[in-house]
Amino acid sequence: MGKLKLSDRQLYALIEAIKLGEEVKPSQGAKRRAFARYKIDGWENSKLTGIFYSIQRRLGLIDEVIEELVGVSPLILDPWLRATLRVAIEVAVFRDPSERTRQHLKGLAQFLSRKTHPYVGYYYYDLLPRVLEYVPVIDTEEKRLKWDYLFPEWFIGKVRELVGDEAEDLLRALNETLPTSIRVNLLKSSVGEVEDYLMKKDVRFERSTRVETIIRILDPFNPEWLLNKGYAIAQEEAAAVASLVLSPKPGETVVDLAAAPGGKTSHMAELMNNEGKIYAFDVDKARIKRMNEVLRRTGVEIAETIRADGRRAPAMLGEEIADRVMLDAPCTSDGTIAKNPELRWRLREKNIPRVVKLQRKLIESAWRLLRPGGRMLYSTCSMFREENEGVVEWFLKGHPDARLVPLEGPYDGGFLPGTMRAWPHRHKTIGFFYALIEKGQ
Ligand code: SAM
């Protein structure tokens, strides 16, 4: 492989994407926005996208290098300096830059001065020679694992517990970049129309074999137009399967207890042919705003969005009022690491029990909303047993009138018979868990 060549403009685009990625989640959206600003397209886009994701995957390691060099946590540095150092370390330590590119890295001092204060630029300029000469010392097994797999050690241990011999395959899958996945919105368009559009744009794509409205875009292409028109919505196959498993019917009353940004609400409205009622709860104001926008674009007419804690839903709506309840529970989201590569460095094992506590409260709330004979889906995009089978087993113990409706596919059985799991390494999608529960008549 030749030496890595990056122009000033390409370096600026990367730095802005990394900086914006701290605020905009998933970071894919930040990358799209920053790259559009610098008119990064075509082959340039695929090259820089690769570098962007590799920075996200390595973020914990890169930050350790920064800490070693500057003596303080990168988190307390100026955000522009932090982003510039992250890019410079990726390029200089983890890759093999051309002489010209090394010069461009020096030139970033001026970029930083413009963006922040000349002092920051000087500081960077002073530090850069040490970045360019940095050689990592990998002297412990713990360090080796971290550098090979780019995951915190506790996480690697947990993955081993989950899938044993498949651990390496799973870690590798989490390190792969998933293609952009969209779900065609049948309320406004059809699979044929969306495929025609992509063909006209000369973009390679494939249709999912498990969900007929899911299309994966295989080339670097921004489907913004389809999303803005509401003809499609960004969604992973495993997320689309959740609404199909719950399978709400036209005319039913549905509660979506953790609904924003509305991926599943809009899918359920489509399955209900825009007939019936969906109460869509979420606590997060900004996410509710996004959900309102998504529902408007996708032409959903039957959803009422409610900014409130899902634990209060039975008190607000009444008990046993819903034919179906979707509980796509807040979770650690570790199943989505391929989509949010930097997430692995933010996960904390000690946070799991707190998330589980909320999940238990919400599943109880979902149950109270459900009418006898009704069904609820408990799903998460976490792979940890505590958040999945653990919550469901705990719940079933307390409710003899609850019955697991066995799920037969399209993915594999979970660790509790009747539940289902999508696995990144087996199914080429995000990690996901499903348990369909019915209330006795
Ligand atoms: N179902 C959504 C979709 O398909 O687009 C994704 C939901 S996301 C996995 C979980 C959501 O739960 C987040 O939007 C978060 O704001 C929300 N949340 C967290 N705590 C909550 C609570 N106590 N009540 C209701 N929503 C909550």
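The values are calculated or read from the model by the stated rules, or taken from the named source; none is laboratory data. Predicted model, so just to flag it, every value in this text is computed and none were measured. Glycine also receives a Cβ, built like all others from the backbone with ideal geometry; neighbour counts cover every protein chain displayed. To get the accessible areas, we keep the full protein, side chains included, count just its heavy atoms, and leave off ligands, DNA and RNA. Shrake-Rupley method; radii C 1.70, N 1.55, O 1.52, S 1.80 Å.
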Point to revise | Those residues of the stretch 323-350 which are acidic (Asp, Glu) and within 13 Å of the chain's Cα centre (by Cα), in sequence order | key: 334, 342
**Study point:** Pair list, Cβ < 7 Å and 6+ apart or interchain, from the stretch 248-269 residues that are in contact (Cβ under 8 Å) with a residue 12 or more places away in the chain to residues that are open to solvent by less than 10 Å² (accessible area, probe 1.4 Å) and more than 14 Å from the ligand (Cβ to nearest atom)
**Key:** 248/272; 249/272; 250/272; 252/272; 253/322; 254/322; 255/322
Revision key, fill the gap. Condition set in contact with a strand residue (DSSP E or B) (Cβ under 9 Å, 6 or more places away or on another chain) and part of a helix (DSSP H, G or I), scope the stretch 242-257, selection farthest from the ligand (Cβ to nearest atom): answer is 245
Check your understanding: Does at least one position in the stretch 368-375 carry a residue that is open to solvent by less than 70 Å² (accessible area, probe 1.4 Å) and within 12 Å of the ligand (Cβ to nearest atom)?
Key -> no
Practice item. Test residue 299 against the stated conditions and say whether it is within 26 Å of the chain's Cα centre (by Cα) and either over 19 Å from residue 252 (Cα atoms) or open to solvent by 70 Å² or more (accessible area, probe 1.4 Å) (or both). Key: no
Review point. When residues of the stretch 376-403 are filtered for being away from the ligand (no atom under 12 Å from the Cβ), aliphatic (A, V, I, L, M) and within 26 Å of the chain's Cα centre (by Cα), how many remain?
Key: 4
Revision key, fill the gap. Those residues of the stretch 384-441 which are under 21 Å from residue 368 (Cα atoms) and of a type in the set (A, V, I, L, M, F, W, C) amount to 391, 392, 394, 395, 396, 402, 404, 405, 435, 436, 437
Check your understanding: Could you list, in sequence order, the residues of the stretch 326-344 that are of a type outside the set (Lys, Arg), crowded, with 20+ Cβ neighbours inside 10 Å and either in a strand (DSSP E or B) or more than 11 Å from the ligand (Cβ to nearest atom) (or both)?
Key -> 326, 327, 328, 334, 337, 338, 341, 342, 343
Exercise for review: Determine which member of the set 395, 415, 384 is open to solvent by 60 Å² or more (accessible area, probe 1.4 Å), aromatic (Phe, Trp, Tyr) and touching a residue at least 24 places away in the same chain (Cβ under 8 Å).
Suggested key: 415
Exercise for review: Please state which one of 151, 94 is in contact (Cβ under 8 Å) with a residue 40 or more places away in the chain, among the hydrophobic types (A, V, I, L, M, F, W, C) and open to solvent by 40 Å² or more (accessible area, probe 1.4 Å).
Suggested key: 94
Review point. Assigned to a strand (DSSP E or B) and either small (Gly, Ala, Ser) or closer than 24 Å to residue 285 by Cα (or both), is that true of residue 305?
Key: yes
Point to revise | The one condition in (1) near the ligand (Cβ under 9 Å from one of its atoms); (2) closer than 15 Å to residue 269 by Cβ; (3) acidic (Asp, Glu) that residue 304 fails to fulfil | key: (1)
**Study point:** Unmet criterion (only one of (1) of a type outside the set (Lys, Arg); (2) under 19 Å from residue 31 (Cβ atoms); (3) within 10 Å of the ligand (Cβ to nearest atom)) for residue 260
**Key:** (2)
Check your understanding: Is it fair to say residue 360 is basic (Lys, Arg) and in a strand (DSSP E or B)?
Key -> no
Practice item. Test residue 355 against the criterion of being assigned to a helix (DSSP H, G or I), within 12 Å of the ligand (Cβ to nearest atom), touching a Ser or Thr at 6+ places or on another chain (Cβ under 7 Å) and under 24 Å from residue 269 (Cα atoms), and give yes or no. Key: no
**Study point:** Identity of the residue in the stretch 269-286, within 12 Å of the ligand (Cβ to nearest atom) and surrounded by fewer than 18 Cβ atoms within 10 Å (Cβ to Cβ), that ends up nearest to residue 253 (Cα to Cα)
**Key:** 283
Check your understanding: When the stretch 23-43 is examined, which residues are found to be open to solvent by 10 Å² or more (accessible area, probe 1.4 Å) and either of a type in the set (S, T, N, Q) or at pLDDT below 90 (or both)?
Key -> 23, 24, 25, 26, 28, 29, 32, 41, 42, 43
